[in-house]
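> Take this structure, written in structure tokens, and hold onto it; I'll ask about it next.
The values are calculated or read from the model by the stated rules, or taken from the named source; none is laboratory data. All figures in this text were calculated on a predicted structure; none of them were measured in a lab. Please note: Cβ atoms are built from the backbone with ideal geometry, for glycine as well, and neighbour counts cover all protein chains shown. The area values use the complete protein model at the heavy-atom level, side chains included, leaving out ligands, DNA and RNA. Shrake-Rupley method; radii C 1.70, N 1.55, O 1.52, S 1.80 Å.
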Amino acid sequence: MKIKKIKNLDLFEEKNLNVLLRTFLSSFLIISFFFVVPMVINFADKNFKTKEFTNNSKKVLAYTLNGKSVNKNSNEIINEDDVLFDIFSLNDLESDTVRLSASTIKQLFEDTGYDLKDVRKKKLVKPVALTLLPQEITMIEDTKKRKDFFIQIVLPLIVQENNNIRLDRKTLFNIINKSNNTSAEKKWLEKKYKQYGINSRDLSTLKIRMDEIPVSLAIAQAAKETGWGTSRFAQEGNALFGQWTWSGEGLKPKDADAGEGHKVMKFNVLQASVRAYQRNLNTHSTYKDFRKARAEFRDANLPLDSIKLSEYLNKYAETGSQYVEVLQKIIVQNKLKDFDDAKLLPSSIDLESLI
């Protein structure tokens, strides 16, 4: 009986030992897993994925259009209705637009003497403001002709929006240089603070945000985002710059899941798309460094350099620095800088000396 008891005791101790070993081994594996995994993830992030490819960007008007958006860099809450009010107003004014054919538009350009070669030399742009892109632009096989045609369409729209900003800047500087402001000037300032998403009533911030986007840079981005006017978003929604929305009116990407994700913002007219693009670069926290670099050009009394400023748009698209390289190639190869100092006819004397 003693031998049997000893054997049972040995067996019991052996089972306990096995249980302890298994428990220890399991614990070791679990602890090792939670210790090693973060190291592996960190290594993968550093070696296989760069942060510049994170799309924090076309959050462009990722103002969600359904409430308020927090500007993380300044801790300000942006009221999107105020920021986008004039864009929506412009959109609503042009709800019944007519799409002209490519041949009609070309004839219009010829009748008005609107030619890009002439613009490059004289720096004067005919005020031909089209509301919709012609569908036939997708069928122009000659690449140069298609590019020139696209530039002719978007150039007056971009220059016009820059003119609007120039006039606003002139008004702003007149107000800044006065010791006392009228009630009308104060109301104007309040409106612009809201329009540019500034709750702090900071004049220096308003001066930095209320500024132009180089024409060559805007054309390059429009060309890249639309495939020179051939994309579905451009044709169906006048979306020249691929801006996103999660709740506003827009077009769903074909590869997106139903009911989920973003839509590309839809506009009734091309002009509204250009204005929304400029407002986005001038207000969204993602482009704070872009605005800072632009202000440095202004302080040095230098013309805005689209090549250098494009370096601060690496977050506009998921491809990051590759996106910037593409923009720079488009600007250089198509000599888009020729249009940076172009003026819209009829020329206004008030615009000649503006900053």
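> I need a count of the residues in the range 314-331 that are out of contact with any Leu (no Cβ under 8 Å at 6 or more places or on another chain), surrounded by 15 or more Cβ atoms within 10 Å (Cβ to Cβ) and in a helix (DSSP H, G or I).
Residues flagged as out of contact with any Leu (no Cβ under 8 Å at 6 or more places or on another chain), surrounded by 15 or more Cβ atoms within 10 Å (Cβ to Cβ) and in a helix (DSSP H, G or I) within the range 314-331 amount to 2.
> Continuing with this model, one more query. I need every pair where a residue in the range 271-300 that is at pLDDT 95 or above has its Cβ under 6 Å from the Cβ of a residue that is among the aliphatic types (A, V, I, L, M) and open to solvent by 10 Å² or more (accessible area, probe 1.4 Å), sequence separation at least 6 or different chains.
Pairs that qualify, where the first residue is at pLDDT 95 or above and the partner is among the aliphatic types (A, V, I, L, M) and open to solvent by 10 Å² or more (accessible area, probe 1.4 Å), are R291/I208; A295/I208; F297/L304.
> In the range 124-147, what residues are open to solvent by less than 50 Å² (accessible area, probe 1.4 Å) and touching an Asp or Glu at 6+ places or on another chain (Cβ under 9 Å)?
Result: T131, single match.
> Is it the case that E311 is open to solvent by 60 Å² or more (accessible area, probe 1.4 Å), part of a helix (DSSP H, G or I) and more than 13 Å from R209 (Cβ to Cβ)?
It is true that E311 is open to solvent by 60 Å² or more (accessible area, probe 1.4 Å), part of a helix (DSSP H, G or I) and more than 13 Å from R209 (Cβ to Cβ).
> Report, by residue number, each residue of the range 101-123 that is in a loop (DSSP other than H, G, I, E, B) and open to solvent by less than 60 Å² (accessible area, probe 1.4 Å).
Listed by number, the residues that qualify are S101, T112, G113, Y114, K123.
> Being at pLDDT 95 or above, closer than 25 Å to G242 by Cβ and more than 17 Å from the chain's Cα centre (by Cα) narrows it down to one residue among L93, L130, L116, L100; which is it?
L116
> Criterion first (more than 19 Å from Y323 (Cα to Cα), of a type outside the set (K, R) and within 22 Å of the chain's Cα centre (by Cα)) does I176 satisfy it?
Here the answer is no, as I176 does not meet what is asked.
> When the residues of the range 341-355 are filtered to those that are open to solvent by 40 Å² or more (accessible area, probe 1.4 Å) and at pLDDT 50 or above, which remaining residue is nearest to I307 (Cα to Cα)?
It comes out as D341.
> Which one of the conditions (1) touching a helix residue (DSSP H, G or I) at 6+ places or on another chain (Cβ under 8 Å); (2) at pLDDT 95 or above; (3) polar (S, T, N, Q) does T319 fail to meet, given that it meets all the rest?
Every listed condition holds for T319 apart from (2).
> Can you pull out the residues in the range 174-227 that are exposed (fewer than 13 other Cβ atoms within 10 Å of the Cβ), in a loop (DSSP other than H, G, I, E, B) and among the charged types (D, E, K, R)?
Selection gives K178, R201.
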